[in-house]
Structures are given as structure tokens and as C-alpha cells.
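Below is one structure, written out as C-alpha cells; the observations come after it.
Just so it is clear, none of the values below were taken in a lab; they were calculated from the coordinates. Given the structure is predicted, the values throughout are model-derived calculations rather than measurements. In this analysis, Cβ positions are derived from the backbone assuming ideal geometry, glycine residues included, and neighbour counts consider all displayed protein chains.
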Amino acid sequence: MTVLVTGGAGYIGSHTCVELLNDGHEIVVIDNFSNSHPESLKRVKEITGKTFHTYPIDLLDKEGLERIFLEYEITSVVHFAGLKAVGESVSEPLWYYRNNVIGTIILCEVMKRNNVKNLVFSSSATVYGEPDAVPIPEGSLLKTTNPYGRTKHMIEEILRDLHVADPDWSIALLRYFNPIGAHESGKIGEAPQGTPNNLLPYISQVAVGQLDELKVFGNDYETQDGTGVRDYIHVVDLSIGHVKALVKVKNEKGVHTYNLGTGRGYSVLEMVKAFEKASGQQISYTILGRRPGDIPVCFADTRKAFEELGWRAERGINEMCADAWRWQWRNPEGYPSIETDKQTSLEKESTKFFVPPKQEKVLNE
Ligand code: NAD
Ligand code: UD1
């Protein structure tokens, strides 16, 4: 009875591994470490005092995935693995479609062959594009504006078709709003490679002195102070939402779509103030023009997740910023550099590289 976590070394995946383990689940992780570091999983073990195995497998490696399903009695999959940078998806659309869409198809093929039909999928509020009204309910029109968003929309459609073809599939489509913050231990958090694209990691790096100043993208929106408004959600609340969604898919077959947000929006300048308060650091900023593709305001209608999952976000903006700050100052460079010690960490920390003998029966089907 094991939950497979794809992309479990990443930002949201590592926090969800903690919550799954704390909830008594056995897990196995696969990740190709294209945007993460195995150190995060070592720290998940430290936080929880529990152990599990990790395999450096790519979603596109069908045989590798098959071997995991042969080795473990997998009952459900929580699927985080994917590329997520909007700008990069515009310049490298084929890479994004291949990795995210084809990767998910391969995962589902392997699940189907092994009769595993419970899936929790990381979708995004980006599928709503610029909403007609806020708060945004799940039934809103989907109108994505970039290749990354379209991969999420396409995967949602593919998973719906899968359930139409075989009603035994049970799938949760979780549309995240803006995950921020970190585990309260300060051991795991968001560790973007290069200059961050998203607001909170950028502010944190200004606070810790790694970046000079925040560039605020536009102060002429029709919002309280002219800056963009988003629904920031603590990554631990988001992770707990996955544990609840897993219960739902196990108990009720179907395709269940949920917004995971707080239902409340904050402007860029409100976030700057909240972070200054949490960190005691001054955040310098300058106002620039709008970022192309940005929407003015976005926040979730959270009623469905509360009514059907019994879940709602508990942590407020001060806790989000305090936890993000604790992670940032304790780990100003993020996790140790991938190039120098990825291999060592993997080997040292009982991360298991295993290649079980090929089971011809399954692999040759
Ligand atoms: P992340 O980059 O930290 O984690 C994704 C993980 O997947 C990484 O560890 C990466 O190495 C791995 N990965 C990518 N492609 C892979 C492949 N082909 N095979 C195996 N592993 C692969 O990102 P995150 O913020 O933790 O996001 C997790 C999921 O949630 C993603 O699917 C993302 O699109 C989605 N999402 C994230 C946000 C956000 O703001 N962080 C918002 C909405 C949706
Ligand atoms: C971005 C992605 C979206 C993704 C989401 C969560 C784009 C166009 N959209 O959305 O697909 O689902 O992240 O990962 O990239 N801001 C600044 N200065 C900065 C960074 C951001 O002022 O350096 C502002 C933005 O204009 C916005 C707010 O801060 O108003 C939040 O930005 P960001 O964290 O990038 O999230 P989204 O724009 O919601």
C-alpha cells in the first residue's frame, strides 16, 4: 500500500511527502532532479523521522516507471513532476509539451497496465487565464494564455477522457493558486534555480541580500494600491490539501476538481510590507511597467474544497512570510549545489538506486 510521488523532491512535492508520511502513508518518490536536489528528501526524512526510497527516474522512461510498479504495491499516485516556468514554456514549447503532457500520458499508461487508477494531479489556477470575475469558482471558463498553462489544461482534458473511457479511474485535479512559504522547521522550502520569476522568492532574496531590489511589475491596475493581487497559500496548507484529496479519490471514483487557495487576495505592496514585518529587513523596490501576460487580480472560490474535502487553508500571510524567511536565512543559497554533490547525497542518504531484474512478462507486453 504505497503512494508513488512523482516530482517529490521539488518544492511542493517535498512538503507533501512530509504530510503524507505524517499521515501514516508509505511513499516512494521518483524525480529526475531537473529542478530539484535530493537533499530536500534527506531533509524530509529528518523532519518526519521516517524513511522511504527515491529513484532518479524520468517520467519519459516508461521501463523505469514499470519497474517501480513491479517493486512496490502502489495504490495511488500523487503527480507533481513537471516543468513550470511560464517564460521558458513560451521559448521552449516542445520541451514543455513533451515533458508535461507526454510524461503524464506515459505515467497513466503504466498505471493502467498495473491496474492503479487513483491519481492526484497538480494543476494550476493558470488554467483560468484572466478570469471574468473573482473569486474564481471551479466551473469558470478555462482560457490559458501560454504553453505551460496549456499543458495543464490538456492534461486535465486527457484525465477526464480517461475517466470517461474507464470509470474505475479516480482523479483529483488540484488547481493551485500561489504557493509560498516553507515548512516551519526551516529545513525545506522553495529553491529556484537562477533569478526567481515569482514574487515571494524574489522578495526573500532581496531580504537576505542576494538581490538588490524588487521590480514591481505595474502600479496602474484597478486594485487597492495599483499593484497585482494574488491568492497566496502556505505550501503546508496546500500539501495537506493533497492528503485530503487522496482520501477523496480512494473513496469516490470520478474526476474531482478543486481550487486550492485561501480565497483572499493580497497586492504586491501588501506582500512587501508583510515580508518586511516578518523578516525585520527593508525590501527596496522600484516600480516598472506591467509584465506581459500578467492579470490584475486572481483569487479562489474555496467553497468546493471545504464542502467536499473538509479542507481549508489555516495559515495566514504573516505565517507564510515568517516561514519563507526562516527557510531563506537558514539556506541563503538554497540546497547544496546540484553539480558538485548530487550524486554523493543520493548515495549517502540511502536514496536507493536500484534496477530490479527485468520482468519480461510485463516489460514485453
Ligand atoms: P518543482 O520544479 O519544485 O517540482 C517539480 C519536480 O518535478 C522537480 O523536482 C523536477 O525535478 C521534477 N520533474 C520535472 N520533470 C520531470 C520528469 N520528466 N521526470 C521526473 N521528474 C521531473 O515545482 P513545484 O513548485 O513543486 O510544482 C509542482 C507541480 O505543481 C508542477 O507540476 C507545477 O507545474 C505545479 N504548480 C506549481 C505552482 C507553483 O507556483 N509552484 C503553481 C501551480 C501548479
Ligand atoms: C505566475 C505564472 C503562473 C503560475 C504562478 C504560480 C506568469 C505570467 N504566470 O503567476 O502561470 O501559475 O506564477 O507559480 O508568470 N511580481 C512583481 N515582481 C516580480 C515578480 C512578480 O511585481 O519580480 C508581481 C506580478 O506582477 C504579480 C504578483 O507579483 O502581480 C505575483 O507574481 P508571481 O509570483 O509571478 O505569480 P503569478 O503572476 O500569479
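List of remarks:
- Computed from the C-beta positions of Val90 and Gln210, the FRET efficiency with R₀ = 25 Å rounds to 0.45.
- Convex hull projection area averaged over all views, segment 64-205, Cα basis, nm²: 10.8
- Relative contact order of segment 143-301, defined on C-alpha pairs under 8 angstrom at six or more residues apart (%): 33
- For the Cα trace of the chain, dividing Rg by the Kirkwood Rh returns an Rg/Rh value of 0.95.
- Under a Gaussian network description of the chain, with springs only between Cα atoms under 10 Å, the residue in Tyr258, Tyr176, Tyr72 that fluctuates furthest is Tyr72.
- If you run the Gaussian network model on the chain, springs between alpha carbon atoms under 10 Å, then out of Phe306, Phe121, Phe177 the most flexible one is Phe306.
- Most fluctuating residue given options Leu174, Leu288, Leu21, as computed from a GNM of the chain linking Cα atoms under 10 Å: Leu288
- Rounded to the nearest 20 debye, dipole of segment 1-56 from Cβ charges on Lys, Arg, Asp, Glu: 120
- Degrees, to the nearest 10: 147-165 long Cα axis against longest axis of the chain: 40
- Taken over segment 1-154, the percentage of Cα pairs per 5 Å bin, counting from 0 up to the bin with the maximum distance, is 2, 9, 18, 20, 18, 15, 10, 6, 2, 0.
- Relative contact order for the chain, counting Cα pairs under 8 Å that sit 6 or more residues apart, in percent: 21
- Simple spin-label estimate for Glu157 and Lys273 in nanometres, 7 Å along Cα-Cβ: 4.3
- Full extension of the chain segment joining Leu60 with Arg291 gains 79.9 nm, where the gain is 0.36 nm per residue of separation less the Cα-Cα distance.
- Here the label points at Asn115 and Arg264, each 7 Å from Cα along the C-beta direction, are separated by 4.8 nm in the simple model.
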